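Scroll down for the structure; my scribbles are underneath it.
Every number in this text was worked out from the coordinates using simple rules, so none of it is lab data. In this text the structure is predicted, and so the values were computed from the model without any measurement. For neighbour counting, all protein chains shown are included, and Cβ atoms are generated from backbone atoms with ideal geometry for every residue, glycine included.
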Amino acid sequence: MTLDEIAAALKNDDARIIIAYAFNATGKTQLCVSYKNATKNDDGSHTGVYYNAYSEDLFVWNNDEENAGESIRLNVLPSSLSRFHTLLTEDNIRDKLKPYKPKYGFALNFNESDPEKGIESISFFVPNQNPDEDQKSIKISRGEERIFVWCFFLALFEVEGWADRQSSHFFIDDPVSSLDDHNIFVTAATLFDLIESQYDKRKIIVTTHHMGLFSVLSDWLTKGEKKDKFKKATKLYILSSKSGSLELESCRQDVFLYHLRILQQLAIARQAKDVRAYHFVLLRQVLENVASFLGVGQFSYVLSQIGIDDPSRSADIVNALSHKKIYYYESDMVVPDNLEIFNEVMDGLLGKFNFVLHAE
């Protein structure tokens with residue numbers, strides 16, 4: 001299939017929520033562009049709203065090297081969205097940033113001669129206890145920058161005149177580039193909130209190369225506490241390249257389509273000694289896939305089959321750690337006892353079913 005054919009297939013799909021995992025270098029960003037073109041009105045205007053690499057490219061650092069970085073700032077390039085900037089406030093963006101617990105403050109710098117031309121740049125600084133002291137401009141990290149831009153767009157989605165007019169769909173491509181695992185998990189929570197508030201009004205399409213983000217969203221939407229609300233409205237896909245041709249594969253047709261990728265991510269985290277609480281969500285996904293393959297309803301049966309001494313207790317711990325509701329208000333570190341359970345389950349799965357995992 002070509003990207004245009006896949007875009008047409010997604011356009012005609014009756015699902016309200018589509019989550020697609022795309023392997024690296026398969027053309028996710030161009031698929032977003034193809035979908036934009038496939039859904040335009042006859043006059044060429046857009047029917048939906050998009051977040052992708054082009055959105056991120058509107059933000060460019062001015063390092064102010066001639067003044068030793070005294071006025072370093074993040075420039076915002078002019079675009080069709082500039083006219084909506086005046087409807088944004090710093091509080092709107094702070095509200096979206098709150099779950100990420102930023103350690104910096106910021107200020108929006110509007111065009112001085114004509115505010116209707118929008119925001120020209122954004123200054124960042126370390127919050128100061130003394131309001132009389134000047135706040136020195138700083139450069140935030142790449143990950144912090146990506147989080148800020150994502151939250152900027154989350155706030156912009158809510159202003160009148162843009163997203164409410166282009167109301168057919170949201171197409172969001174990989175808002176997790178340059179993020180660490182914890183912030184990827186927080187971003188999954190922001191996406192879930194966006195889906196919950198919007199899916200009955202517009203189609204939501206999320207594409208990602210990150211298996212953790214894909215698996216966590218899939219789990220919440222089809223197996224989580226609100227599955228009765230979302231499951232029938234959701235379709236899960238994998239975009240892959242086979243023999244030089246792109247394929248859009250339904251995960252529901254083959255329950256083991258991506259379990260090896262999840263296991264691979266878990267094995268990498270264990271090898272790096274960086275197992276976090278959210279990895280139990282992915283572990284639970286694998287256990288449920290195995291249980292489904294074996295034709296049983298509870299993954300505690302799988303635990304008993306792989307040699308776990310107290311499968312009910314282990315299942316309770318996996319469930320508890322994979323159903324936290326507000327992850328960003330709790331530590332994502334794993335206590336030694338739970339890490340031991342994680343290792344026992346992984347050893348049992350790999351030993352019982354002879355999975356062979358290769359490093360990426």
Top of LEU287, LEU213, LEU339 by mean-square fluctuation, Gaussian network on the chain, Cα under 10 Å: LEU339
Per-residue ³J(HN,Hα) for segment 28-40, Karplus 6.51 cos²θ - 1.76 cosθ + 1.60, θ = phi - 60°, Hz, x for Gly and Pro: 4, 4, 5, 5, 4, 5, 4, 5, 4, 5, 6, 10, 5
Length added when fully stretched, GLU112-ARG83, from 0.36 nm per residue minus Cα-Cα: 9.0 nm
For ILE140, distant residues with modelled amide H under 5 Å away: none
Set LYS11/LYS273; LYS101/LYS226; LYS96/LYS139; LYS40/LYS96; LYS139/LYS226 screened for pairs whose C-alpha atoms are more than 32 Å apart: LYS11/LYS273; LYS139/LYS226
For segment 233-241, Karplus couplings with θ = phi - 60° (6.51, -1.76, 1.60), whole Hz, Gly/Pro x: 8, 10, 10, 10, 9, 10, 9, 9, 10
Likely footprinting exposure, ARG270, ARG165, fewest C-beta neighbours within 10 Å first: ARG165, ARG270
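To make sure I understand, if each residue's beta carbon is the centre and we count other beta carbons within 10 Å, what order do HIS46, HIS85 fall in, fewest to most? Write down the numbers at each step before the final one.
Numbers: HIS46 17, HIS85 21.
Going from sparsest to densest Cβ surroundings: HIS46, HIS85.
Let me have the relative contact order for segment 58-141, percent, based on Cα pairs under 8 Å that are six or more residues apart.
Numbers: 127 pairs, mean separation 25.3, N = 84.
In percent, rounded to a whole number, it is 30.
Over the chain, what relative contact order in percent results from Cα pairs under 8 Å that are six or more residues apart?
On the way: 511 pairs, mean separation 66.2, N = 360.
In percent, rounded to a whole number, it is 18.
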Total formal charge among the other residues, if their Cβ is under 12 angstrom from that of LYS11, Lys/Arg +1 and Asp/Glu -1: -1
Counting DSSP beta bridges with both ends in the chain, the antiparallel % (nearest 5): 50
Within-11-Å neighbourhood charge of VAL275 [Cβ basis; K, R +1; D, E -1]: -1
LYS229, LYS101 arranged by Cβ crowding within 10 Å, fewest neighbours leading: LYS101, LYS229
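Can you classify segment 1-138 as rounded, prolate or oblate using the Cα gyration tensor, where a ≥ b ≥ c are the square roots of its eigenvalues, rounded means a/c under 1.5, and otherwise it's prolate if a/b beats b/c and oblate if not? Let's see the in-between values first.
On the way: a/c = 2.36, a/b = 2.09, b/c = 1.13.
It comes out prolate by the Cα gyration axes.
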Segment 135-220, relative contact order in percent, only Cα pairs under 8 angstrom and at least six apart counted: 34
Helix 311-322 vs. the chain, principal-axis angle (Cα, 0 to 90°, nearest 10): 10
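Okay, helix-only estimate at 222 nm for the chain: each DSSP H run of n ≥ 4 adds -39500 (n - 2.57), divide by all residues, round to 500 deg cm²/dmol; what do you get?
Details: 13 runs with 148 residues, N = 360.
So the helix-based figure for the chain works out to -12500 deg cm²/dmol.
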Spatial separation of Cα centroids for segment 1-45 and segment 75-93, in angstrom: 26
GNM top mover of GLU145, GLU120, GLU66 - the chain, alpha-carbon springs below 10 Å: GLU66
Estimated dipole of segment 58-141 in Debye, rounded to 20 [Cβ of Lys and Arg +1, of Asp and Glu -1, Cα centre]: 600
Separation of the SER177 and LEU294 label points, Cα + 7 Å toward Cβ, nm: 4.2
